[in-house]
2 protein chains.
Amino acid sequence: VAQDRLVEKNFFQELGIPTPGFAVVNNLEDLHVAVARLGFPAILKTRRMGYDGKGQEFIKPETDLAQTWESVRGYDCILEAFVPFQREVSIIAARSVSGEVKYYPLSENLHKGGILRVAECRENDPLQAQAEDYVSRLLESLDYVGVIALELFDVDGKLLANEFAPRVHNSGHWTIEGAETSQFENHLRAILDLPLGSTAAVGNAAMVNFIGGLPKVEEVLAIPGVHAHWYGKEPRKGRKVAHATVRSTNDNTYRNALPKLERLAEQVDDS
Amino acid sequence: VAQDRLVEKNFFQELGIPTPGFAVVNNLEDLHVAVARLGFPAILKTRRMGYDGKGQEFIKPETDLAQTWESVRGYDCILEAFVPFQREVSIIAARSVSGEVKYYPLSENLHKGGILRVAECRENDPLQAQAEDYVSRLLESLDYVGVIALELFDVDGKLLANEFAPRVHNSGHWTIEGAETSQFENHLRAILDLPLGSTAAVGNAAMVNFIGGLPKVEEVLAIPGVHAHWYGKEPRKGRKVAHATVRSTNDNTYRNALPKLERLAEQVDDS
């Protein structure tokens, strides 16, 4: 379901989970019809194989539709209305073989060029209950086992589903240090049918991705409250090669660390 | 230095770190002299190869010294006065290549049969400064790099050194979940000459060893706040095969979990 954007969107709708407007686009004529219906701006997305912003074209009034269609030709697409969201958030949840379910506090996510840059834990977010409701529908309907992530747009306090990922998720990496039980530990507990661990936050937490290049690890670790996760991957344009978490029960430590990490990430970013 | 109890004790004394009274015992005559000097009770310990209570004989007034000496014959020993301590504690510290030093909050340790059973994090312990002073003398004198553990007896608020371990230590396993930076992460940071991470506690934390046998992991994980660490070792009499940590910022969760873990540990304990 999650591999095809059309099937996924239809699935959301069946479950009563609101989404941005969308339309099927299998040819240039479809694209013209879809743009007329959804208006500008909109995003043309290939139905399959898209991730980290790949296979997406932004459509504005001045966009040459024929040319854009050329650039994705050969792939079935959907057109999505671009919603003027205030925030992007995601909810990570775990469901075990026996059906026990736990929800993590919302992650507030910052994307640039379709790639996740920063994910921040939002304890007691006013939209937590709404997000839990939506992801619980996915979990129950799929009889899902393991960790799942649902990405949502916050539009004036109403959540619209963007996509879901049937796995541990980049926007939940802050849980390694920042939650009582990490998304990885709870994924294992879930699939082994063990009792799930508490998903409560342990202080403030956020994660910053390093994309395309690595900062000096000693500069990262010199920031109080920070932990480094290097993936051992060859740096490559637009590739996530590491992340760092800041986790602290001290508000000042936290507020001091996050912009420093973001600056280090920007310096190495080649995307 | 840490491999020979006599060299170790002399080293403590050179550094001005108090220890229980002790005497060299190389033969039965030495043992008689030592017992006369140190009094009862006392512990005869082989100088080398002792761990987890192995190579130790408790000496009371009714003990047959000749027979006890037979049981350790062939090994050089020391006799140690048994001190009437209120608590056993340890301090874990890390020192990096550049000489940066961090101290963890004291661990309060419970041994039975010479084997560590429970280690509890003691934030703001009144003896923290005294323990830091002593372990810092070891670190500087040895130009030590990495994590070290110093085990101490608390006798009426005065610390006496028992032994030190030049490595990450069982009494510091609670730091995996219970400290901002675990002893393992700080050991790596230290030997790689990276900035050390904060050693501050994250809520209440304690560790319980499973010795000789394993409880059901689902019973362990059903206790809120608990994390399981299974070593994948074949269970064997007196062997540490796993531990569990309870870590919680909620006092009730913590107080509820610890006795439950201890009970599970007692049930499997064959030592």
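The values are calculated or read from the model by the stated rules, or taken from the named source; none is laboratory data. Treat the numbers as computed from the prediction; the structure is a model and nothing was measured. Here the Cβ is made from the backbone with ideal geometry for all residues, glycine too, and neighbour counts use every protein chain on show. Surface accessibility is based on the protein's heavy atoms, side chains included, excluding ligands, DNA and RNA. Shrake-Rupley method; radii C 1.70, N 1.55, O 1.52, S 1.80 Å.
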Tell me whether region A:255-268 contains one or more residues that are modelled with pLDDT of 95 or more and within 8 Å of chain B (Cβ to nearest Cβ).
no
Give the residue that is farthest from the other protein chains (Cβ to nearest Cβ), with candidates limited to residues of region B:236-246 that are open to solvent by 10 Å² or more (accessible area, probe 1.4 Å) and either more than 17 Å from the chain's Cα centre (by Cα) or over 21 Å from B:GLU266 (Cα atoms) (or both).
B:LYS237
What are the residues in region A:83-141 that are open to solvent by 10 Å² or more (accessible area, probe 1.4 Å), under 25 Å from A:GLN13 (Cβ atoms), in contact (Cβ under 8 Å) with a residue 60 or more places away in the chain and outside any strand (DSSP E or B), if any?
A:VAL83, A:PRO84, A:PHE85, A:GLN86, A:GLY114, A:TYR134, A:ARG137, A:SER141
Can you name the residue in region B:213-229 that is over 23 Å from the mean Cα position of the chain (by Cα) and farther than 23 Å from B:ARG122 by Cβ and, of all such residues, is farthest from the other protein chains (Cβ to nearest Cβ)?
B:PRO215
Find the residue count for region A:146-198, including only residues that are more than 28 Å from B:ASN250 (Cα to Cα) and among the acidic types (Asp, Glu).
4
Quick one: in region B:58-78, which of the residues that are touching a Lys or Arg at 6+ places or on another chain (Cβ under 8 Å) and either without any contact (Cβ under 8 Å) to a residue 24 or more places away in the chain or over 26 Å from B:GLU140 (Cβ atoms) (or both) is most open to solvent (accessible area, probe 1.4 Å)?
B:TYR75
Output for region B:172-212, where each listed residue is over 29 Å from A:ASN204 (Cβ atoms) and more than 14 Å from chain A (Cβ to nearest Cβ)
B:VAL208, B:ASN209, B:PHE210, B:ILE211, B:GLY212
Wholly inside region A:17-65, strands (runs of 3 or more DSSP E) that include 2 or more residues that are modelled with pLDDT of 95 or more, of a type outside the set (A, V, I, L, M) and within 22 Å of A:ALA161 (Cβ to Cβ) are none
